[in-house]
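Just below is one structure, and these are the notes that go with it.
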Amino acid sequence: MDKFVIKGGHKLSGSVEISSSKNASLPILCATLLIPFDVKFSQLPHLNDVSTLIDLLKDLGAIAQIDGDQTIINCKNIHKQEAQYDLVRKMRASVLVLGPLLARFKQAKVSLPGGCAIGTRPVDLHLFGLEKLGAKISIEAGYISAVADKLIGCQIVLPFPSVGATENIMMAAVLAEGVTTIENAAREPEIEELGLFLNRFGAKVEGAGTATIKIHGIKSTEFKMPKDSYRVQGDRIEAATFVIAGLITRSKISVTGFKPSTLSSVFDYLRQMGAEIQELSNGVAVSASEIKGGVTIDTAPYPGFPTDVQAQMMALLCSANSDSVITENIFENRFMHVPELNRMGSDIQLKGPSAFIKGGAKFQGAPVMCTDLRASAALVLAGLIASGETEVLRVYHMDRGYDQIDVKLRSLGADIQRVKS
Ligand code: UD1
């Protein structure tokens, strides 16, 4: 298992280009299951989660050709509608094959994703939506089975705007008969992009990215092949992580290759905390001489403050002049970075879903352990300003969702090395 060794205390400078979004790439790759011909991508991010999903598609019968930055997925000859435990357990997003497989083959079987490091993460809302469309769902021996004679468009009101459930239902509804309306849909930019991607191939999705999504079902013969290859948008969570890297080191850097509007809620808080954030056409320039703290942040579905930036923001707030509070409202148990940050010298107290963060921490390098993707990012950020050497162990968690974070941080002037085991 590789580790990162970071020598803290270096200022950063220069510009970093963000890779394509993990959370947009995964559902879009699942959507290729609907399409019976070549789907061309350019510059999919180099992430373990993306490789895992491509392996899953291949296991179902897809052909994947990867040539440099070009990837072609062809799902014409899918011969299996079952996503096995071995692949699903590696990555929860594998459950997103359920909707497209069911829509195209009228049957699908997917291993239950099970518990995961940041909470129980059930899939009841995914199943609720698919049942409304006409699927019969059963759960047996750890697998979800869904069958349907046909899927019929209807109105689906989600009790909570789940990102994954919205995506699964959207993909299933593309080939349903008639019109499906999803109310209280998740509004994340990745949902908007999934809608744009599907429409490029001839689907009829309206309102993706808003709380009401309308999908006019089409026949699979109506899919059409666009001329150009598709490039997934820049990863807003990776962008936020680099912005925070600039601010935690009190440096001036540019972060490019993403839409600044997708991080408005994060930037509002950072500005309140004293950061200067200048919007560029394809990113931001950031700097700060001091970080004030004194904020109360609640994670919430988009456009609220993203749970995926909570851990990184907490590392920054430890270094602020005054105390702050973060409440995690999306996932229970998403504070596994807290004991590790405290081992590095911060003072964060947990009370239920809230973390009370004392400002003015002086991080000291220590061996720390990655527990999940974003928790790991928080530890790397703390390592950038810690005295001495920080060893971040189990970086495979980071490799799931950050495209060469060590290489990119080094290009900005950080002293971070990957030590292979
Ligand atoms: C997606 C993102 C993840 C992000 C999260 C919230 C991907 C691949 N992952 O995860 O990085 O942190 O959105 O922005 O895009 N829930 C249920 N029942 C369900 C589905 C969800 O109770 O059927 C609960 C979950 O347990 C969780 C909350 O709803 O507490 C949010 O989950 P959801 O929005 O579905 O997140 P994911 O799609 O899993």
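Every number here is computed from the coordinates shown, using simple stated rules; none is lab data. Remember, it's a predicted structure, so these values are computed and weren't measured experimentally. When we count neighbours, we look across all protein chains shown, and the Cβ atoms used for this are built from the backbone with ideal geometry, even at glycine.
The table below gives the values:
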| read-out | value |
| --- | --- |
| Span from the region 294-355 Cα centroid across to the region 361-395 one, whole angstrom | 15 Å |
| Relative packing of peptides 228-238, 28-38 - highest average C-beta neighbours within 10 Å first | 28-38, 228-238 |
| Full-extension gain in nm, SER261 to LYS420, via 0.36 nm per residue minus C-alpha separation | 53.5 nm |
| Positive minus negative residues near PHE335 (Lys, Arg vs Asp, Glu; Cβ under 13 Å) | -1 |
| Size of charge dipole - the chain - debye, nearest 20, with Cβ of Lys, Arg +1 and Asp, Glu -1, no other charges | 300 debye |
| Helix 163-174 vs. the chain, principal-axis angle (Cα, 0 to 90°, nearest 10) | 20 degrees |
| Angle in degrees between helix 48-60 and the longest Cα principal axis of the chain, rounded to the nearest 10 | 20 degrees |
| Overall form of region 158-254 per C-alpha gyration tensor (a/c, 1.5; a/b vs b/c) | oblate |
| Total charge dipole magnitude, region 45-101, about the Cα centre, Cβ charges on Lys, Arg, Asp, Glu only, Debye to nearest 20 | 200 debye |
| Two-decimal Rg to Rh for the chain - Kirkwood Rh, Cα set | 0.98 |
| Rounded to 10°, Cα long-axis angle of helix 373-385 versus longest principal axis of the chain | 20 degrees |
| Prolate/oblate/rounded label for region 134-184 (Cα gyration tensor, a/c 1.5) | oblate |
| Rounded FRET efficiency, nearest 0.05, which uses the C-beta distance separating ASP2 from ALA141 and R0 of 41 Å | 0.70 |
| Size of electric dipole in region 208-341: Cβ of Lys, Arg +1 and of Asp, Glu -1, about Cα centre, debye, nearest 20 | 580 debye |
| Residue-by-residue Karplus 3J(HN,Hα) for region 23-35, coefficients 6.51, -1.76, 1.60, Hz, glycine and proline x | 6, 8, 4, 5, x, 5, 5, 5, 5, 5, 4, 6, 10 |
| Cα lying deepest toward the dipole's positive end in region 304-421, options GLY360, VAL380, VAL309, charges on Cβ | VAL380 |
| Cβ-derived FRET efficiency at R0 25 Å, ARG89 paired with TYR396, nearest 0.05 | 0.95 |
| Around ASP403: net Lys/Arg minus Asp/Glu count, Cβ-Cβ under 13 Å | -4 |
| Extended-chain gain in nm, criterion 0.36 nm per residue less alpha-carbon gap, ASP347 and LYS362 | 4.4 nm |
| Positive-pole candidate from VAL407, VAL16, ASN333, dipole of the chain, charges at beta carbon | VAL407 |
| Extension gain, LYS292 back to GLN65 (0.36 nm per residue minus Cα-Cα distance, nm) | 76.8 nm |
| FRET efficiency for ARG250 and ASN184, using Cβ-Cβ distance with R0 set to 41 Å, rounded to 0.05 | 0.50 |
| Between region 223-259 and region 16-82, the alpha-carbon center distance in angstrom | 20 Å |
| Those aspartates and glutamates that a straight Cα-Cα span of less than 12 Å connects to LYS420, excepting residues fewer than 8 apart in one chain | ASP2 |
| Label-zone membership for region 252-293, site SER322, 7 angstrom Cα→C-beta point, backbone N under 12 Å | 273-274, 292-293 |
